[in-house]
Amino acid sequence: MKKSKKIINKIKNFKKLPSLPQVLLKLIDTCNSDDPDLKKVSKIISQDPSLSVKVLQLVNSAYMGLRSKIYSIEKATVYLGLDAIMTIAISASVQKAFSPSSNKTSAKLSQFWWHSIMCALVAKKIAVRTSYDSPDEAFLAGLLHDLGKLVLWVNYEKKYAEIEKELGENSNLIYLEEEKLGVNHCEVGAWLVHQWKLKSFMADAVFYHHEAGDNISDAFPLVKIVYAANALCLEYDADMPEKYNIAEKLFGFSNSQSEEMLREAMDEAADVAQSLGIQIESPSNLEGKDSDKEYDKYSEQLLYEVKNYSLLYGTLQNLLKAKNKDTILKIVGQGLQILFDIRKSFFFFYDPENDLIAGYSPRGDHSDEMIANLAIPLENSKSLISRCFLDKKIIDSFGIFSNIKKNIADEQLIRLLETEGIFCLPMYAHETKVGAILMGIDEAQVLQLKGQQNLLNIFVNHAAMGFHIENLKQEHINQIRSERMEASSLVARQVVHEVNNPLTIIKNYLKILGMKLSEEDPVQNDLVVVNEEIERVSGIIRQLSTFSDPQIKKKEAININRLISNIIKIIKESILKPSHIDIHLKLDNSLPNIITEKNSIKQVLINLLKNSAEAMPGGGNIFVETKISHESSKIISENSNGISQYMEIIIRDDGPGIPVKIEKHLFEPYHSSKKSKNSGLGLSIVYNIIKELKGTIKYASDDENGAIFKIALPL
């Protein structure tokens, strides 16, 4: 018993533990639901130890680059995402259940699944006939009853082959397994099923399915059902009625009833196997055939088809759903690791303008940053990655796929990848140049990849097509953006042309009006202010025709107090007096001139004063203050470049202030307390202008002071 425990403890760490088909189907079904639940997905994964190991291996791999290890399946599921989980699950079924290392075992697999499915179907029929409350549970128990054999086949291939050679007609399989391995397949299968915590006697049914018949009579129903089903499905000689005797003793079935269940199960077996994606073959169909040769071809074809399904369903589907280049890189990187066990991979993309391939990285670790800064000119280049791209063929540094010698650049890349060598794959979408994949590998992996060359080609072709489609999408978006910009510019130029005509007429009339007045007339000053505002309107209009080609704004020395006084002259008669609003100035005469963009500051001040006036339709007061402040240094220190003094402009009114629900989005477009359809842009424009001038604007409000806006500008 101690020896059995020792081997079972060893089995716990096996990489090749067969996945439960229903787990895989359930997982895919859950992931594809309209509203997938990550907790439910992680729970499904936790039911399968081998799948859990795969998930934890990937999330804790160097590719993911996490700072600390993750031991929770639920956290791992969140980090990896549903698409990666589905790919892992499908690949796990390929590697663990359908990829034995020898063709002999491949031949035996079809017989193994034949017997397992037959046993499952018969167990379900017995459950129905005996009114057992869960026929599906009986089906699953029957399907899994010999699962221990699969574990032993995959992990003890040579020793198990010896057992099969020694197994004669009257030999005892359990005895031979225990003699050669120290454990039998019933114990291994029961342990594996027990790990899934199915809250069932299923593990017991697996454990006792080769027990002596006299001991089974007192067992609970599920154990007896699987025991009888297994006996009925064994290939006895025609003159051996033992299997019928067992069914009669345990359940009182007549021979005809047992034969009827077997016939029905044989008719259903092919359909069930197909629905589970399992290839089966009745042992009776193998008579007269060289099973090894017959199944050599089948084994290769099965492996090829299942792996293709894994690739197409996993990676291709994910690539079709990818939203951007970085997402595609993540999907391809995960695919390389899951399907080919590639731990480190870098990507180079073709730059047609400069005729080079350039490294690219979506992540931020040190080695990726170094790759992202690499550019390899294609002309006269002798590096493996460039030769791979130009020659459109796989190249490795070990000389297995080609005899091209590596140069110093290749040796540097190998050191950067921290592997024994490199493996280069060209990426072409039909004849369109896309780039190349650089993978870090050890020498032992090269032969393995050579055996997977067809699969590699399929994988890389899909990856290249994914990147190519993304490039076409970006080119299309840029073209649309350019055409829209051009169309908008044309409309803007037409508007500018039409608006400038009446503005020119108004300016001419103002000039004529000024000439009619004496030079000492106080109105002359008002005409100057009005003329300046018309010039400002002209400037704003001109920006419409140049918005697609941003112009450098002219900065000049501005006396902010004088600018505020002139603005108030403009709005006093037209805005303040009609609304019965008084304005109060507290301007610091010691303020120095500031170097800034005059019209931008004007636009900010007019917007804020106009907003204050509109907030008090029944009249009120507006207070404008300027001063030098040191308190604002913390506010805009990120833009200050070491400057410690700031000019502060404070505009306060005694209106109702701004509603709390608006405050959080105050400086965002179209968030306003105004009822006008055109409101909501003013404060957004103000905020952006102040930000461009390296300043800040803050809002405060209280019951006594109404709305307060504080602008801080660096001196």
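The values are calculated or read from the model by the stated rules, or taken from the named source; none is laboratory data. Keep in mind that this is a model prediction, so the values were computed, not measured. Counting neighbours? That spans all protein chains shown, and the Cβs are built from the backbone with ideal geometry, glycine included.
Quick notes on this structure:
- Any chance residue 444 is surrounded by fewer than 18 Cβ atoms within 10 Å (Cβ to Cβ) and farther than 19 Å from residue 340 by Cβ: no
- Qualifying residue in region 396-413 (condition: among the aliphatic types (A, V, I, L, M), assigned to a loop (DSSP other than H, G, I, E, B) and surrounded by fewer than 20 Cβ atoms within 10 Å (Cβ to Cβ)): yes
- Exclusive hit being more than 21 Å from residue 371 (Cα to Cα), at pLDDT 90 or above and not polar (S, T, N, Q), set 429, 444: 429
Matching residues to (1) within 26 Å of residue 468 (Cα to Cα); (2) aliphatic (A, V, I, L, M):
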position	(1), (2)
409	no, yes
416	no, yes
420	no, no
425	yes, yes
428	yes, no
431	yes, no
435	yes, no
439	yes, yes
442	no, no
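- Out of 157, 187, 162, sole residue that is touching a residue at least 40 places away in the same chain (Cβ under 8 Å) and either over 15 Å from residue 210 (Cβ atoms) or outside the structural domain of residue 250 (by TED's automatic domain parsing) (or both): 157
- Boolean, residue 483 is assigned to a helix (DSSP H, G or I) and over 26 Å from the mean Cα position of the chain (by Cα): yes
- A Cβ distance below 6 Å, combined with a sequence gap of six or more or placement on separate chains, defines the contacts here; from region 319-345, residues that are in the same structural domain as residue 455 (by TED's automatic domain parsing) and touching a residue at least 60 places away in the same chain (Cβ under 8 Å) reach residues that are surrounded by 20 or more Cβ atoms within 10 Å (Cβ to Cβ) and of a type in the set (S, T, N, Q) in the pairs 331/318; 333/345; 335/315; 336/345; 338/87; 338/91; 339/91.
- Matching residues, region 388-406, being modelled with pLDDT of 90 or more and either among the charged types (D, E, K, R) or more than 19 Å from residue 443 (Cβ to Cβ) (or both): 389, 390, 391, 392, 393, 396
- Total residues in region 425-439, condition over 25 Å from the mean Cα position of the chain (by Cα) and either of a type outside the set (Asp, Glu) or under 11 Å from residue 395 (Cα atoms) (or both): 3
- In this structure, residue 143 does not satisfy being assigned to a helix (DSSP H, G or I) and at pLDDT 80 or above.
- Each residue in region 411-426 was checked for being acidic (Asp, Glu) and farther than 17 Å from residue 375 by Cα, and 2 pass.
- Any hit, region 682-696, residues being at pLDDT below 70 and hydrophobic (A, V, I, L, M, F, W, C): no
- Some residue of region 578-585 being touching a Pro at 6+ places or on another chain (Cβ under 7 Å) and on the phi < 0 side of the Ramachandran plot: yes
- For region 628-638, the condition of being modelled with pLDDT under 60, touching an Asp or Glu at 6+ places or on another chain (Cβ under 9 Å), closer than 20 Å to residue 596 by Cβ and part of a helix (DSSP H, G or I) holds for at least one residue.
- The residues in region 317-334 that are surrounded by 19 or more Cβ atoms within 10 Å (Cβ to Cβ) and at pLDDT below 85 can be counted, and the count is 4.
- 1 or more residues at pLDDT below 80 and either over 41 Å from the mean Cα position of the chain (by Cα) or under 20 Å from residue 124 (Cβ atoms) (or both): qualifying helices (runs of 4 or more DSSP H) within region 191-278: 213-216, 242-251, 255-275
- Selection status of residue 492, among the aliphatic types (A, V, I, L, M), in contact with a helix residue (DSSP H, G or I) (Cβ under 8 Å, 6 or more places away or on another chain), surrounded by 12 or more Cβ atoms within 10 Å (Cβ to Cβ) and touching a residue at least 60 places away in the same chain (Cβ under 8 Å): no
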